1. Which one is farthest from T25 (Cα to Cα) among residues in segment 91-111 that are assigned to a strand (DSSP E or B) and in contact (Cβ under 8 Å) with a residue 60 or more places away in the chain?
2. Please determine, by comparing only the residues of segment 139-165 that are free of Cβ contacts under 8 Å to residues at least 40 places away in the same chain and either part of a loop (DSSP other than H, G, I, E, B) or touching a Phe, Trp or Tyr at 6+ places or on another chain (Cβ under 7 Å) (or both), which one is least open to solvent (accessible area, probe 1.4 Å).
3. Pick out the one residue from D132, D128 that is charged (D, E, K, R), within 30 Å of F211 (Cα to Cα) and in contact with a Lys or Arg (Cβ under 7 Å, 6 or more places away or on another chain).
4. Restricted to segment 112-138, and to residues that are hydroxyl-bearing (S, T, Y) and within 18 Å of N55 (Cα to Cα), which residue is most open to solvent (accessible area, probe 1.4 Å)?
5. Within segment 45-76, can you find the residues that are open to solvent by less than 70 Å² (accessible area, probe 1.4 Å) and not hydrophobic (A, V, I, L, M, F, W, C)?
6. Using the structure shown, decide if D42 is open to solvent by 70 Å² or more (accessible area, probe 1.4 Å) and not in a loop (DSSP other than H, G, I, E, B).
7. Filter segment 166-181 down to residues that are more than 17 Å from the chain's Cα centre (by Cα) and of a type in the set (G, A, S) and give me whichever is least open to solvent (accessible area, probe 1.4 Å).
8. Within segment 112-122, identify whether any single residue is under 19 Å from the mean Cα position of the chain (by Cα) and either part of a loop (DSSP other than H, G, I, E, B) or closer than 30 Å to F211 by Cα (or both), and answer yes or no.
Amino acid sequence: MELKSFLLAVFVIFSSQIQGSSAVTDVFVKRGDDVLLEVMDDAPMEFDLFVWTFNTSKVLVIYSHVGGSTVSEGYTGRVEFSVGNYSVKLKNLQDDDSGVYTALVVGAKDQTIAKYMVTVQGPVSPVDLNPDSVSNSSDSCNLTVTCSTEDSHINSTFTCDTKTCSQEGGDQSKVTNSGASLRVHLLNDAIICNHSNQVSWTQKKTQIQDFCPLHAGLSDGVSICLVKTVVFSVGLIIMVSVVISVHLMEKIRKLK
C-alpha cells in the first residue's frame, strides 16, 4: 500500500470528525456463511479514498479511482470488494468476525456512508421435552414439563379438563446462556419446546393426551369415532329394514 493511502487510512480510522449517517443496521449471520454489506446511501462520485473498516481499528479494503482496490493482509481471499457499488462481501464468517463494519469516504467531504453491526451465531443445540409430574383425577389433569437445552431449561405446568387445557402463567420463555431463546408453549393439543436464535431453530413436542387422557383432544377423537360408528350402524339398520320391507310387500302381493 502506498504511503499516502496508508496515512489516509490511519486518518480515517482515528478521526472523530467524519460525519454522515450514524444509523447502524443489525445483520445476523450463521457461522461459516457469507454476507454482503451494501452501501445504502449514494456515495459521492468524487473522493480520494473509499474505505471499509472493522471495529474502527482494522482496514478491510481501500479503494481509489486511480489505484483501484486493495484488500488488507489477513483478509485476502475472505473479502470481495465491488467497484460498481462499493459493497463488500465477507466470506466464511467466524465468531471473531462479529463487530461493526463501516464504509467511509475521504476527500473534499469526509463522511460515513454505511454502518453494520454484524453478529455471527452458531446453530442452536437440540432440545429435550420431558414430563416431571402428572396428576390425574376424574375430571382434571395437572402436567408439569421441563423444556431444556445443554445450558438452560424452563419448567411449565398445564391444567386440563375434558374440554380445555391452559398453561399456568401463559407462554414461558427465557434467554439462554448462549444468547438464544428458549420457549415452551401450548398449541392445539401439543406442548412445544422451541430453541432458536436469529439464524437457526429446533423444537420438540409432545401430545397432551399422552399424559392427560381426559383432555378434549382425546375426547374429541373418541366422539368422532363414536359418531362414525353410530352413523354407520343407523345406515345399516335402515338398509336392512328396507330390504325386509320390500321382501314382505312382495310376499303379501303374491298371496293376494
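The values are calculated or read from the model by the stated rules, or taken from the named source; none is laboratory data. All of these numbers come straight from a predicted model, not from anything done at the bench. Because the Cβ atoms are built from the backbone with ideal geometry, glycine has one as well, and the counts that use them run over all protein chains shown. Side chains included, ligands, DNA and RNA excluded: accessible areas come from the protein's heavy atoms. Shrake-Rupley method; radii C 1.70, N 1.55, O 1.52, S 1.80 Å.
1. First pass over segment 91-111, keeping only residues assigned to a strand (DSSP E or B): 99-106, 111.
Add one more test, that the residue is in contact (Cβ under 8 Å) with a residue 60 or more places away in the chain, and what stays is 100-101, 103-106, 111.
Numbers: V100: 9, Y101: 10, A103: 12, L104: 15, V105: 18, V106: 22, Q111: 17 Å.
In this case the residue turns out to be V106.
2. S152
3. On the way: D132 fails: in contact with a Lys or Arg (Cβ under 7 Å, 6 or more places away or on another chain).
Answer to the check: D128.
4. Start the filter on segment 112-138 by keeping residues that are hydroxyl-bearing (S, T, Y), which leaves 112, 116, 119, 125, 133, 135, 137-138.
Restricting the remaining residues to those that are within 18 Å of N55 (Cα to Cα) gives 112, 116, 119.
Values: T112: 17, Y116: 17, T119: 39 Å².
Taking the candidates together, the pick is T119.
5. T53, N55, Y63, S64, G67, G68, S69, T70, S72, G74, Y75
6. On the way: open to solvent by 70 Å² or more (accessible area, probe 1.4 Å): yes; not in a loop (DSSP other than H, G, I, E, B): no.
Answer is no for this residue.
7. Here the answer is G170.
8. Of the residues in segment 112-122, the ones under 19 Å from the mean Cα position of the chain (by Cα) are 117-122.
Restricting the remaining residues to those that are either part of a loop (DSSP other than H, G, I, E, B) or closer than 30 Å to F211 by Cα (or both) gives 122.
Checked against the condition, which is being under 19 Å from the mean Cα position of the chain (by Cα) and either part of a loop (DSSP other than H, G, I, E, B) or closer than 30 Å to F211 by Cα (or both), segment 112-122 yields at least one hit.
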